[in-house]
Amino acid sequence: MILYITGCPGAGKTTIAFEVSKIINWKVINLGNFSIEKGFILGFDEELSSYIVDVDSLSKYLEKFLAESQENFIFDSHFVVKIPERFNPLIFVLRCEPFELIKRLTNKGFSRKKVCENVLAEILDFCLYEALEVYGTNRVHEIDTTGKSIEYVTREILSVIHGEKKPESGMFNWLAKLESEGKLEEVLKICLSVEVT
């Protein structure tokens, strides 16, 4: 089995991956770092200060890698790679309320532009749509980490792994929530109306 923990930067992927790993004793692989180590990089985006991953080549390599290792892994990544069904992948998309995400990413030292890019991706459900497009609803479970403890999120993941809970997605609509609370204009002003460097 493969657990694939994805979501925007700041949603808690790495923290949760290692917490789950402590309990089930599976190795965590950060696919971004793995791609760099194995040379699956197409270039570097100077503007966004991030590597461009060759997802197709990485996917082919992972299929062979998983078949040869015959181990269970936890993948941690903000991008989605197709894992064949025979490896029984379960995908967990971690979500975070946009204003909380702004705080988390700012505290991590992200540039204003990078904060805004990721917050807009979160509002538009980018990671969720990508996961659903690749894996479908039966393998994707969405978890809002806003205000939740590490223990809570870990328990939620374990309950899906053990079959106590079925994967669910489409529960969080930040766009509608922000609009109903009268906060959409505020977050858009932060991300779109202010010149970013």
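The values are calculated or read from the model by the stated rules, or taken from the named source; none is laboratory data. Computed from a prediction, not measured in an experiment: that's the story for all the values here. Neighbour counts run over all protein chains shown; Cβ positions are idealised from the backbone, glycine included. Side chains included, ligands, DNA and RNA excluded: accessible areas come from the protein's heavy atoms. Shrake-Rupley method; radii C 1.70, N 1.55, O 1.52, S 1.80 Å.
Structure summary
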{"read-out": "Residue pairs meeting the criteria (Cβ under 8 Å; at least 6 apart or on separate chains; first in contact (Cβ under 8 Å) with a residue 40 or more places away in the chain and within 18 Å of Pro9 (Cα to Cα), in the stretch 49-66; second open to solvent by less than 70 Å² (accessible area, probe 1.4 Å) and hydroxyl-bearing (Ser, Thr, Tyr))", "value": "Ser49/Ser111"}
{"read-out": "Among the candidates Glu164, Glu156, residue that is at pLDDT 95 or above, under 26 Å from Val20 (Cα atoms) and not in a helix (DSSP H, G or I)", "value": "Glu164"}
{"read-out": "Which numbered condition Gly136 misses (of (1) in contact with a His (Cβ under 9 Å, 6 or more places away or on another chain); (2) free of Cβ contacts under 8 Å to residues at least 24 places away in the same chain)", "value": "(1)"}
{"read-out": "Boolean, Glu122 is open to solvent by 50 Å² or more (accessible area, probe 1.4 Å) and either among the charged types (D, E, K, R) or within 13 Å of Ala11 (Cα to Cα) (or both)", "value": "no"}
{"read-out": "Failed item in (1) outside any loop (DSSP other than H, G, I, E, B); (2) free of Cβ contacts under 8 Å to residues at least 24 places away in the same chain, with Lys148 passing the rest", "value": "(1)"}
{"read-out": "Subset of the stretch 70-93 (residues that are open to solvent by 60 Å² or more (accessible area, probe 1.4 Å) and under 15 Å from the mean Cα position of the chain (by Cα))", "value": "His78, Lys82"}
{"read-out": "Top-ranked residue of the stretch 2-48 - restricted to ones that are open to solvent by 60 Å² or more (accessible area, probe 1.4 Å) and in contact (Cβ under 8 Å) with a residue 12 or more places away in the chain, ranked as nearest to Asp76 (Cα to Cα)", "value": "Thr14"}
